[in-house]
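No value in this document is a laboratory result; all are computed from the given coordinates. This one's a predicted model, so the numbers in the text were calculated from it and none came from an experiment. Cβ placement follows ideal geometry from the backbone for every residue including glycine, while neighbour counts extend to all protein chains displayed.
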Amino acid sequence: MDNSVVIAGFGGQGVILAGKILAQAGMNHGLEVTWLPSYGPEMRGGTANCTVVLSNDPVGSPIVDSPTGLIALNLPSLDKFEPTVAANGVIIMNSSLIQRRTKRKDVRSFSPALNDLARKAGSEKATNMIALGAYIKVTGIIPLSTVQTAMTQMLKKEGKDKFIPLNKKALQEGYNALHE
Amino acid sequence: MGERLLLRGNEVIAEAAIRAGCQCYFAYPITPQAELLQHMAVNMPRLGRTFVQAESELAAINMVYGAASAGVRTMTSSSSPGISLKQEGISYLAGSSLPAVIVNIVRGGPGLGDIAPSQCDYFQATKGGGHGDYHMIVLGPSTVPEAGQLTMLAFELADRYCTPVMLLADGMLGQMMEPVELPKPIEIGSLPKKEWATDGAKGRDPNIVLSFDLDPEVLKQMNLILQKRYRQIEAKEVRYEETATGDADIAIVAYGTVARIAKTVVKMARAEGIKLGLFRPITLWPFPSQALRKLSEKIAMVLTVEMSAGQMWEDVRLAIAEQAETPFYGEMGGVIPTPQRILSEVKKHAG
């Protein structure tokens, strides 16, 4: 398996954490992984993003010309990364904030209302986890329970234990929101 | 096998330094190596070791000089502009034959530059950024686990040869996360005693650590000792890795971050029928000239790829001379060459 995903959005939408959780889950699942954040001036105001590569083999390049997946939490992120997605790849676009459809005809695209789903799950802050739940549902790369465990590990490590139940629920709701 | 942890390069270098017995760490913060300093700030005091956030880079490197003189394992870290500020101190460390580890998480330059990954400090690291006839051993890790292993090795080599050793990585390796099994901690008590250290002269003759003599003949002798040591290092410590070079028609030479991207390019090229190999220097000084020369005797096209204007390329051409074609592809200013970009360069020169 060679899966590479760009997770992008405004700074503060949690794309960096979502990527870390996916990478941790991939590692726990026995895969080789890399997680590469954007850490430059992009972090201030524009789009924050990170790239996660999951593979059965040791990962060479952590930067990817054509990712097999894109999670775009806002319009600037979709505009920027949509053209790069590999043919037959997956795009998850947040229809709560993105009004347009994808211009790509050669990808599988999904437009869940991620912010609305997160609000229903308890807090808009969990938009990133709704997105991640949806992504693993449509790609089937890692079981939901593995991702939930990785999230728990990661939030504990960062001292954010109190957000674990909300995020667990959000992963589940995101997972339920889409069909493969 | 130890536990696999998902960690940033910066964190792994810091943790490896602790496990290598680093007793004193001094630094001044700078992006993109901040997590390294953070890890040390949290963990060194907890272990009863010394962490000082110095008032400047100059102060930090001179604190390293002091700790090294006292015979303990010591380290500083910074990124490009900060490393420039440390050059005087590095020259003094080399001149005084003091073991110390210096980490440079390189960012775009020159000047203030930016905070994106770069390899533009190769000259400074390998050709002596400070004054005088000196070298330091320079290690270029390519992955997060290797950053940990080479940090351990850096301390070992520094002690063995009484020399400063630089770990030369870049912002991408510092910031990215990858699974890693941390190296086993050494027993600090098991390290050989440094008989030359200025650690209290009670009951023995005083030791003197210095890089100074006004008599040119004496200073010449001091230099000859350094040069003899450099020849030993060149003979014994060259490290490199070859990937898919056995049947290759064209080879990339790349180190660090670019080398790992090039590993992906090797797969992509071979899927298209291009017999591409990779030669990766691990020690940048001493540079693996002989091995590269040997490789160029069977591969006629050797493409150097760097995140610089062609700094390592000079060493590649010195090694290969006229033996093979030696084209170059580089990016500058913090731009990372993607696998596709490198592949298209390979195609320009393949067959």
Which of these, A:MET27, A:MET93, A:MET151, has the largest mean-square fluctuation under a Gaussian network model of chain A (Cα springs below 10 Å)?
-> A:MET27
Cβ neighbours within 10 Å from other chains - mean over A:24-34 | 3
Once you wrap a convex hull around the alpha carbon atoms of the range B:1-113, what is its projected area averaged over all directions, in nm²?
-> 7.7
For the range B:163-253, what is the convex hull volume of the alpha-carbon atoms per residue, in Å³?
-> 257
Say the dipole of the range B:241-349 comes from +1 at the beta carbon of Lys and Arg and -1 at that of Asp and Glu; which of B:LEU303, B:TRP285, B:ALA244 then lies farthest toward its positive end?
-> B:ALA244
Mean ellipticity per residue at 222 nm, deg cm²/dmol - from DSSP H runs of n ≥ 4 across the protein assembly as shown, formula -39500 (n - 2.57) | -12500 deg cm²/dmol
Equivalent ellipsoid semi-axes for the protein assembly as shown, as square roots of 5 times the alpha carbon gyration tensor eigenvalues: give them largest first, rounded to whole Å.
-> 44, 29, 18
By counting other Cβ atoms within 10 Å of each Cβ, how are B:HIS349, B:HIS131, B:HIS39 ranked from fewest to most?
-> B:HIS131, B:HIS349, B:HIS39
Percent of all alpha-carbon pairs of the range B:241-349 at distances over 23 Å, whole number, is 16
Binning at 10 Å from 0, report for chain B what percent of all alpha-carbon pair distances ends up in each bin.
-> 6, 25, 33, 23, 10, 2, 0, 0
What residue among A:LYS160, A:LYS169, A:LYS80 shows peak mean-square fluctuation when chain A is described by a Gaussian network model with Cα springs under 10 Å?
-> A:LYS160
Tell me which lysines have Cα within less than 19 Å of A:LYS105's Cα, excluding those fewer than 8 residues away on the same chain?
-> A:LYS80
Straight-line reach check, B:LYS348, cutoff 16 Å on alpha carbons, 8 or more apart in-chain or any other chain, hits among lysines -> B:LYS275
Would you mind getting the Kirkwood hydrodynamic radius of the range B:97-195 from its Cα pairs, rounded to one decimal in Å?
-> 14.7
Other residues with Cβ under 12 Å from the Cβ of B:ARG107 give, with Lys and Arg +1 and Asp and Glu -1, a net charge of -3
What's the local net charge at A:TRP35, with K and R +1, D and E -1, over the other residues with C-beta under 15 Å away?
-> 0
Using just the alpha carbons, could you tell me how many Å³ per residue the convex hull of the range A:2-177 encloses?
-> 103
Could you name the lysines in cross-link range of A:LYS120, using Cα to Cα under 22 Å and dropping any fewer than eight places away on the same chain?
-> A:LYS137, A:LYS160, A:LYS162, A:LYS168, A:LYS169
May I ask you to evaluate 6.51 cos²θ - 1.76 cosθ + 1.60, the Karplus curve with θ = phi - 60°, for each residue of the range B:297-313 and list the ³J(HN,Hα) values in order in whole Hz, giving x for glycine and proline?
-> 6, 10, 10, 7, 10, 10, 9, 8, 10, 9, 9, 7, 7, x, 7, 5, 3
Report, by chain and number, residues whose modeled amide H sits under 5 Å from the one on B:LEU303, excluding near sequence neighbours (fewer than 5 apart, same chain).
-> B:ALA251, B:ILE252, B:VAL253
Charge sum, other residues only, whose C-beta stays under 12 Å from B:ARG8's C-beta, Lys/Arg counted +1 and Asp/Glu -1 = -3
